[in-house]
Each structure stands twice: as C-alpha cells, then as structure tokens.
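Right, one structure below, let's go through it.
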Amino acid sequence: ASYVYYPVIVTGNIVAIYLHRQLPYADTYSVTMEPGVLTDASGAPFAGFSDSNYWKFTVLGAGPAAGAKALTVVVDGGDFCTVQGAIDFVPANNTQPVIITVAPGTYTEIDYVPANKPFITVRGQDRNGSVIQYADNNNLNAGNARAMFGVDAPDFTLENITIYNTTPKGGSQAEAFRGNNQRILLNRVNLKSFQDTLLLQGTGLVTDSYIEGDVDFMWGNGAVYFQNTELRAVTSSGYYTQIRNPQGQNGNVYVNCRLTAADGVTGVYLGRIDPTVFPYSQVVYINNSMGSHIIPVGWLLNNSNTAPNVQFWEYKSTDLNGAPMDVNQRLNVSRQLSASEAAQWSDPAFVLGGWVPFTVNATVSTAARGAAVTVNWSAAAGHSVGDLIGLFAVGDPDTNVLAAQNT
C-alpha cells in the first residue's frame, strides 16, 4: 500500500521527523538544522544548530533473528521503535504466529498489514498506555488507505492497546481500524475516531473493548460478533451502525454490550441503512444496556419507507441501570426476537460460521483480597476437555497455579 504522510509533526515543543526509508543497522548519524526551519507559536524562527556533535545517534547494532516469533516495539529501544517496522520484519507468506509486543508510549504512525502476512498479533503492554495514533483520513489517503490501522491479512489479532485516529470532527471519513479479511480478533482494545471508527469486511470478533464515534462508526459487510464492549456515541443525532452484508451472510450481532454517550448527546440511532442499495442489512442487539440518548424509534431507513429483507432485531434491551427499555416506538420494519432466536444468535459460532477464537478476560483489573473475580472466555468448538482458566502470580510458570476452573 502507498500512503501520504507528514514528514514532520510538531506537538507542543516536540518535533518528530519521519524518514523516507529505514536506516542500516549500526550506522551512526549526526543531525543539523538550518535557522528558520521551525518557528514557535508566535512565528519567531528557531535558531537551529550546525554543530555535527550536537545531536548524534547510532542505529541498533542488529535486528532480531530471522524467523523470530516474538518482536518488541519501544519508543526508544526494543527490536523496533515503530509498530510498522515490526510488521515489515515479518516475512511474506509466514506460516507461524508472530507476536508484536508494544511497550507503553505514544506511537504516531499509520500501520498496515498486507494480505500476505497472516498470523500476526499486535499486543500492547498497557491498554491505555500503549497508544498508536495518527490523523489519517480520506482527505489525506483516499479509500482503504484512510484507515489509521489497516489489515488485509487473515488471522490477525489486536489486543490490549489503544488505536486513535486523531482526525478532528468533520475531517472526512477516518477509520481507526479496518479489517478486510477473515478471522480478525479485537480483544481489550480502545478504538477512537469520529466518522467510520471501525470497518470490518470479513469475519470478526470484538470482545471486552471500547469503541467511540459519531457517524456510522461501526460499518462494513462483514459477519461480526461483539460482546462485553462499550459503544460510546460522541455526537448527537448520529448512528451506531451502517451494516452492508449481502444476502446469505450474517451482519453485526451485539451481545451484553453497553451503549453509552458523551454528556449532552441525544437522538442517536441504533443503525441506519439505505435498503434500495443494501437490502439485506442485519444488525442484532441482544441483552444490551442503552442510555437515554437512544432515539425511541431506534432505527432509520434512508430513501425508503419499506425494507422487507432488512433485519433490524433486538432482544431484552435495558437502560443503563438494568430496567427493561420501552421499545414500543421502534421502527415498524424492526422486530423483537423470541427467547429461542436470541439464544441462537447469541452463539458466536453460529454467527461466525464456526470460527471462535480463544480469549480469556477478567471483568476487573484489580480486586480486593478474598473478592470474587468474574472471567469471560471463548473457545473454538472441540477444544480439549482439559482446558482450564487459571489464576497465577505475575511471572509465575503455568505449573504454579493458585486456583483453576475447567472450561
């Protein structure tokens, strides 16, 4: 993929310079800057510096071993200082899982995983502290390249990290994450943008995450299962979804999620679609809690009053306190599911054609001594009856389990 990017980005009193190519290992460089290249907030020129010894650095002596299965990204160390550098290191057509661990820090970059690099996991060490950000959008990079983090490969996992498209409101379409293949797992991630925050075009599972946006901020034609995730509307009169699945393919299903909003936000739709263009759109909400910002009609059709094949479904929605929500004013083309239908559509294997990734997530990050810890998990069909979820002291080996529960 080819991208336009900013060669110099100024944030406060920090200037980041992005090079046109990678530097060879073990080379030493000096940097000089002519007067007036930079100006301060008042327009006064920075004096620059000409002494070749003022700013010198040496590139890491050598890269990871060929075929390494574990790579680290650290702002000022590790195997790489950018996530894209680690992705680029993974060989084309790799057949083994590769885990890229991202240390806490802010990484200002556009990232892309090409179709010939499957089995990659990008995992932050700190969900809120490991942050990848960039102001990528359709005005800067049109089409698929406008996503700040784009993935065309199958079997990709993103977890325990924040992806933030910093494009300001009204700055055109600007996905935080785009997944355009099968078996995409988003686990314990924060996705932030305005328009079109999340685009998934294949099978995907999103769990224990946070997603915010305003206009169609979850969209695409993929079959996607969401669970235990907060979905936050940040602008009034917006839309949570615009799902474009074709006939015979499942759409988006939301189970045990919380639909929240920023202060003062009102009149937000659960979803919208133009049925004259996408007549088989499917969006299903099961056992979700929703704030008062949800408009009573719930759903919106564009350019039509009828939609016989659209599946806008809902089951036992509650307010954020758990009280049953009044759904009597919902759009007439939508419907409430029966208990048996809800049970079927609550099964990720049913929604995703049999694929269910392995995940384990606790509902709390800290707990008082003696308190119960609730854990949710998912596993592929046919997993071993000996599989268990264990509690361990940090750093202990698998043999030192403190408590365990069979799955």
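The values are calculated or read from the model by the stated rules, or taken from the named source; none is laboratory data. Because the structure is predicted, anything quoted here is derived from the model rather than measured. Methodologically, a virtual Cβ is constructed for each residue, glycine included, from the backbone with ideal geometry; neighbour enumeration extends over all protein chains shown. Quick note on the areas: whole protein, heavy atoms, side chains included, nothing else; ligands and nucleic acids left out. Shrake-Rupley method; radii C 1.70, N 1.55, O 1.52, S 1.80 Å.
Which numbered condition trips up residue 298, out of (1) open to solvent by less than 50 Å² (accessible area, probe 1.4 Å); (2) over 21 Å from residue 195 (Cα atoms); (3) of a type outside the set (Asp, Glu)?
The failed condition is (2).
Would you mention how many residues in region 110-129 are without any contact (Cβ under 8 Å) to a residue 40 or more places away in the chain, surrounded by fewer than 21 Cβ atoms within 10 Å (Cβ to Cβ) and closer than 17 Å to residue 190 by Cα?
Number of matching residues: 5.
Of the residues 300, 320, 259, 270, which is closer than 18 Å to residue 217 by Cβ, out of contact with any helix residue (DSSP H, G or I) (no Cβ under 6 Å at 6 or more places or on another chain), aliphatic (A, V, I, L, M) and in contact (Cβ under 8 Å) with a residue 60 or more places away in the chain? Even if it seems obvious, please write down each step before you answer.
Values: 320 fails: closer than 18 Å to residue 217 by Cβ; 259 fails: in contact (Cβ under 8 Å) with a residue 60 or more places away in the chain; 270 fails: in contact (Cβ under 8 Å) with a residue 60 or more places away in the chain.
Matching residue, one of 300, 320, 259, 270: 300.
Scan region 215-227 and tell me whether some residue there is under 14 Å from residue 261 (Cα atoms), hydrophobic (A, V, I, L, M, F, W, C) and in contact with a Gly (Cβ under 6 Å, 6 or more places away or on another chain).
Keep residues of region 215-227 that are under 14 Å from residue 261 (Cα atoms), which gives 215, 217.
Remaining after also requiring hydrophobic (A, V, I, L, M, F, W, C): 215, 217.
Still in the running and in contact with a Gly (Cβ under 6 Å, 6 or more places away or on another chain): 215.
For region 215-227, residues under 14 Å from residue 261 (Cα atoms), hydrophobic (A, V, I, L, M, F, W, C) and in contact with a Gly (Cβ under 6 Å, 6 or more places away or on another chain): present.
Pick out the one residue from 262, 307 that is among the aliphatic types (A, V, I, L, M), out of contact with any Gly (no Cβ under 9 Å at 6 or more places or on another chain) and more than 30 Å from residue 375 (Cα to Cα). Lay out the reasoning, then the answer.
Working: 262 fails: more than 30 Å from residue 375 (Cα to Cα).
It is 307.
State all residues of region 19-39 that are open to solvent by less than 80 Å² (accessible area, probe 1.4 Å) and either at pLDDT below 90 or hydrophobic (A, V, I, L, M, F, W, C) (or both); if no residue qualifies, say none.
23, 26, 31, 33, 38
Among the residues of region 346-404, write down those that are part of a loop (DSSP other than H, G, I, E, B), under 26 Å from the mean Cα position of the chain (by Cα), under 30 Å from residue 181 (Cβ atoms) and at pLDDT 85 or above.
Hits for region 346-404 are 346, 347, 352, 353, 354, 355, 356, 357, 358, 379, 380.
Which of the residues spanning region 311-325 are open to solvent by less than 100 Å² (accessible area, probe 1.4 Å) and either farther than 18 Å from residue 242 by Cα or polar (S, T, N, Q) (or both)?
Within region 311-325, 311, 315, 317, 318, 319, 320, 322, 323, 325 qualify.
Condition first: open to solvent by 60 Å² or more (accessible area, probe 1.4 Å) and either of a type in the set (Lys, Arg) or closer than 13 Å to residue 64 by Cα (or both). Now tell me which residues in region 90-105 satisfy that. Don't jump to the end; show me each part of the working.
Here is the first cut: in region 90-105, the ones open to solvent by 60 Å² or more (accessible area, probe 1.4 Å) are 91, 93, 95, 97, 104.
Within region 90-105, just 91 meets the criteria.
Give 281, 292 a once-over and let me know the one that is hydroxyl-bearing (Ser, Thr, Tyr) and open to solvent by less than 10 Å² (accessible area, probe 1.4 Å).
281
State all residues of region 253-278 that are over 21 Å from the mean Cα position of the chain (by Cα), part of a loop (DSSP other than H, G, I, E, B) and within 15 Å of residue 241 (Cα to Cα); if no residue qualifies, say none. Write out each step before concluding.
Taking region 253-278 first, the residues over 21 Å from the mean Cα position of the chain (by Cα) are 263-269, 272-278.
With the extra rule that they be part of a loop (DSSP other than H, G, I, E, B), the set shrinks to 263-267, 274-278.
If the condition is that a residue be over 21 Å from the mean Cα position of the chain (by Cα), part of a loop (DSSP other than H, G, I, E, B) and within 15 Å of residue 241 (Cα to Cα), then 267, 274, 275, 278 are the ones that fit.
Identify all residues within region 1-18 that are under 25 Å from the mean Cα position of the chain (by Cα) and surrounded by fewer than 12 Cβ atoms within 10 Å (Cβ to Cβ); write none if there are none.
Those that are under 25 Å from the mean Cα position of the chain (by Cα) and surrounded by fewer than 12 Cβ atoms within 10 Å (Cβ to Cβ): 2, 4, 11.
Restricting to region 311-344, name every residue that is part of a loop (DSSP other than H, G, I, E, B) and farther than 16 Å from residue 259 by Cα.
Looking only at region 311-344, we keep the residues that are part of a loop (DSSP other than H, G, I, E, B), and these are 316-317, 320-323, 325-334, 337-338.
Listed by number, the residues that qualify are 328, 329, 330, 331, 332, 333, 334, 337, 338.
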